[in-house]
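The values are calculated or read from the model by the stated rules, or taken from the named source; none is laboratory data. Bear in mind that the values here come from a model prediction, so they are computed numbers and not experimental data. Here Cβ is always computed from backbone atoms with ideal geometry, including for glycine, and neighbour counts include all displayed protein chains. Accessible surface areas use protein heavy atoms only, side chains included; no ligands, DNA or RNA. Shrake-Rupley method; radii C 1.70, N 1.55, O 1.52, S 1.80 Å.
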Amino acid sequence: MNGVSRDLYEGARALNHRGAQAFGLGTFNSRYLERRKKGFIADRVTEEDLEELNGKMGLAFDRYATTGKGYESEIQPLHVDTPFGIAMVENGN
C-alpha cells in the first residue's frame, strides 16, 4: 500500500481514546476520498478501506462531542468540492 492512509489510521487510533464517538479519514491524490463512521476506528476500518484511501496527503479526525447531537453529518473531515475543493478538520465550538 502506498500513500498516507496507514499513517493517518495509526495516528487516529493512538488518539481514539480521546474521541470515542466517531472518526474520519480523508485523503487526496487526484481526487478526494474519505471514510467517516461512528465508533472506534480500530473496530470500523478495514484493510480494504485503507487500500481505497490511497492519497499522498490527508486528514484524520477523532470525535468526542462537546456540542451537537452526534449526527453522522457532524463527523469530520468537512469538505466542499467547489469552486476548487477544500477539506478541513477543526477543534472547537
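Brief remarks follow.
- Matching residues in segment 47-82 - criterion: being of a type in the set (Val, Ile, Thr) and in contact with a Gly (Cβ under 8 Å, 6 or more places away or on another chain): ILE75
- From the list GLY85, GLY58, the lone residue that is open to solvent by less than 40 Å² (accessible area, probe 1.4 Å) and small (Gly, Ala, Ser) is GLY58.
- Qualifying residue in segment 49-65 (condition: within 17 Å of ASP7 (Cβ to Cβ) and of a type in the set (S, T, N, Q)): yes
- Among the residues of segment 1-44, those that are assigned to a helix (DSSP H, G or I) and surrounded by fewer than 17 Cβ atoms within 10 Å (Cβ to Cβ) comprise ARG6, ASP7, GLU10, GLY11, ARG13, ALA14, LEU15, HIS17, ARG18, ALA42, ASP43, ARG44.
- Qualifying residues in segment 67-90 (those that are of a type in the set (Gly, Ala, Ser) and either over 17 Å from LEU33 (Cβ atoms) or not in a loop (DSSP other than H, G, I, E, B) (or both)) - the one modelled with the highest pLDDT: ALA87
- Residue check, ASP49 part of a helix (DSSP H, G or I), of a type outside the set (Gly, Ala, Ser) and open to solvent by less than 90 Å² (accessible area, probe 1.4 Å): yes
- Exactly one residue among ALA22, ALA42, ALA14 is without any contact (Cβ under 8 Å) to a residue 60 or more places away in the chain and within 16 Å of ASN91 (Cα to Cα), and that residue is ALA22.
- So TYR64, is it of a type in the set (Ser, Thr, Tyr) and surrounded by 11 or more Cβ atoms within 10 Å (Cβ to Cβ): yes
- Filter result (within 14 Å of GLU34 (Cβ to Cβ) and small (Gly, Ala, Ser)) within segment 49-66: GLY55, GLY58, ALA60
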